[in-house]
Amino acid sequence: MIVFTCSMMVSVSLCIWRYIGCVRNIVSSNIPHTDHHSLKENNRYVFIANIHYYQMRAREKAGFQQKIARERISILFKEAAASSDAALARRYMQLAKKIGMRYNVRLGKLKRRFCKNCYSYFSSKNSRIRFKNGTISIKCLSCNSVKRIRYKKS
């Protein structure tokens, strides 16, 4: 419970909302002599505000939206694999990543199929794959960046 004076009430509540960002509601009294939330002290009214905090949760989309987003991402990957145009495949990969970020859908192992730097879809024409010392090195031939993935030797 926090106690505010009458002149402070508006500015303090705005400051709490602006800086903390997690105030659910502030209960205060506008009619000091009839409400039990106020006290008279030194001829000044003192307002008592109850501030309820809540933990900020990650914003989750509805399940059906995430399902549709996964379907759209898989369609974009299939189209990129079938496309012979590199610019079009790059655009598909940008869209797939953007959809995944917007709807909080993880790409998982699909991340291995495109370059993180230039978004080009890896094929035999624009990438070089090497296996060495327990890592898979995928070099993008369009931007020369290297993606390294660990694997267990069997």
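Just checking, which of Lys132, Lys116, Lys139 is charged (D, E, K, R), assigned by TED's automatic domain parsing to the domain that holds Met93 and within 30 Å of Lys61 (Cα to Cα)? Quick ask: steps written out before the conclusion?
Numbers: Lys132 fails: within 30 Å of Lys61 (Cα to Cα); Lys139 fails: within 30 Å of Lys61 (Cα to Cα).
From the options Lys132, Lys116, Lys139, the qualifying one is Lys116.
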Six or more apart or on different chains, Cβ atoms under 9 Å: show the pairs whose first residue is in region 63-85 and within 14 Å of Ala96 (Cα to Cα) and whose second is among the basic types (Lys, Arg). Ala69/Lys61; Ala69/Arg102; Ile73/Lys97; Phe77/Arg113; Ala80/Arg90; Ala80/Arg91; Ala80/Arg113; Ala81/Arg113
Residue list for region 65-97, filter: outside any helix (DSSP H, G or I) and among the small types (Gly, Ala, Ser): Ser83, Ser84
Looking only at region 98-141, filter to residues that are hydrophobic (A, V, I, L, M, F, W, C) and in a loop (DSSP other than H, G, I, E, B); which one of those is nearest to the chain's Cα centre (by Cα)? Val105
All but one of (1) at pLDDT below 95; (2) buried (at least 16 other Cβ atoms within 10 Å of the Cβ) hold for Lys139; which doesn't? (1)
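The values are calculated or read from the model by the stated rules, or taken from the named source; none is laboratory data. Model, not experiment: these values are computed from the prediction. In this analysis, Cβ positions are derived from the backbone assuming ideal geometry, glycine residues included, and neighbour counts consider all displayed protein chains.
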